[in-house]
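Heads up, the thing below is written out as structure tokens.
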Amino acid sequence: MPFAPINTNTMGPNVIVPAKSGMAIQVLSYKRVAAGAVTAQWNSVNTGTSTTTNLEGPCSLITGVPEVCVAGFVWAGGGRTELFETLPGDELVLTLGGGVQVSGHLEYVYKSY
């Protein structure tokens, strides 16, 4: 599974995983930790139309406290479930509510539709 680093301190949208035409990005796990109090929100963004779809509500990150999310498994199907996914052709963006360093990583796969 591919991994992507989370390493940004820019207020507003930050591309974490680039889009691939006709493919969604499925997030399987992530860890993020902030150097200060800040809100963070995962978004699906279509750069062609400037359309943003919220994948979660704004989350308040606490200074130095890691947030870890891991998807479960589908035992009957034998495959791993995702936490969330972008719309096909969109990039995965982490939007920060302030200029605070947020670090971590995420595990993802591209899924074709």
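Here's a check for you: in segment 1-29, which residue that is more than 16 Å from Leu96 (Cα to Cα) and not aliphatic (A, V, I, L, M) is surrounded by the most Cβ atoms within 10 Å (Cβ to Cβ)?
Taking segment 1-29 first, the residues more than 16 Å from Leu96 (Cα to Cα) are 1-4, 18-29.
The next check asks that each one be not aliphatic (A, V, I, L, M); those that pass are 2-3, 18, 20-22, 26, 29.
Details: Pro2: 11, Phe3: 11, Pro18: 10, Lys20: 15, Ser21: 7, Gly22: 10, Gln26: 20, Ser29: 17.
Taking the candidates together, the pick is Gln26.
Starting from residues that are surrounded by fewer than 21 Cβ atoms within 10 Å (Cβ to Cβ) and part of a strand (DSSP E or B), keep the ones in segment 33-42 and report whichever is nearest to the chain's Cα centre (by Cα).
Our first condition is that a residue be surrounded by fewer than 21 Cβ atoms within 10 Å (Cβ to Cβ); within segment 33-42, this holds for 33, 35-37, 39, 41.
Checking which are part of a strand (DSSP E or B) leaves us with 33, 39, 41.
Numbers: Val33: 13, Thr39: 14, Gln41: 8 Å.
Only one residue fits best here, namely Gln41.
Just checking, does segment 85-92 include any residue being part of a loop (DSSP other than H, G, I, E, B), modelled with pLDDT under 95 and surrounded by 13 or more Cβ atoms within 10 Å (Cβ to Cβ)?
Start the filter on segment 85-92 by keeping residues that are part of a loop (DSSP other than H, G, I, E, B), which leaves 86-90.
Of the ones still in play, those that are also modelled with pLDDT under 95 are none.
Taking every residue of segment 85-92 in turn, none turns out to be part of a loop (DSSP other than H, G, I, E, B), modelled with pLDDT under 95 and surrounded by 13 or more Cβ atoms within 10 Å (Cβ to Cβ).
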Conditions: (1) in a loop (DSSP other than H, G, I, E, B); (2) out of contact with any Leu (no Cβ under 9 Å at 6 or more places or on another chain); (3) modelled with pLDDT of 90 or more; (4) more than 14 Å from Asn54 (Cα to Cα). Gly104 meets all but one. Number of the miss? (1)
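How many of the residues making up segment 43-60 are within 24 Å of Gly89 (Cβ to Cβ) and either in contact with a His (Cβ under 9 Å, 6 or more places away or on another chain) or outside any strand (DSSP E or B) (or both)? Steps first, answer last, please.
So in segment 43-60, the residues within 24 Å of Gly89 (Cβ to Cβ) come out as 43-57.
Still in the list and also either in contact with a His (Cβ under 9 Å, 6 or more places away or on another chain) or outside any strand (DSSP E or B) (or both): 47-50, 55-57.
The number of residues fulfilling the criteria is 7.
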Looking at this structure, is Pro5 touching a His at 6+ places or on another chain (Cβ under 6 Å) and either of a type in the set (A, V, I, L, M, F, W, C) or in contact (Cβ under 8 Å) with a residue 60 or more places away in the chain (or both)? yes
Residues of segment 27-47 satisfying the condition of being at pLDDT 95 or above and not small (Gly, Ala, Ser): Val27, Tyr30, Lys31, Arg32, Val33, Val38, Thr39, Gln41, Trp42, Asn43, Val45, Asn46
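When residues of segment 73-84 are filtered for being at pLDDT below 90 and in contact with a strand residue (DSSP E or B) (Cβ under 8 Å, 6 or more places away or on another chain), how many remain? Steps first, answer last, please.
Taking segment 73-84 as the starting set, the residues that turn out to be at pLDDT below 90 are 73-82.
Add one more test, that the residue is in contact with a strand residue (DSSP E or B) (Cβ under 8 Å, 6 or more places away or on another chain), and what stays is 73-74, 79-82.
Counting residues in segment 73-84 that are at pLDDT below 90 and in contact with a strand residue (DSSP E or B) (Cβ under 8 Å, 6 or more places away or on another chain) gives 6.
The values are calculated or read from the model by the stated rules, or taken from the named source; none is laboratory data. These figures come from a predicted structure and were not determined experimentally. We place every Cβ from the backbone using ideal geometry, glycine too, and count neighbours over all the protein chains shown.
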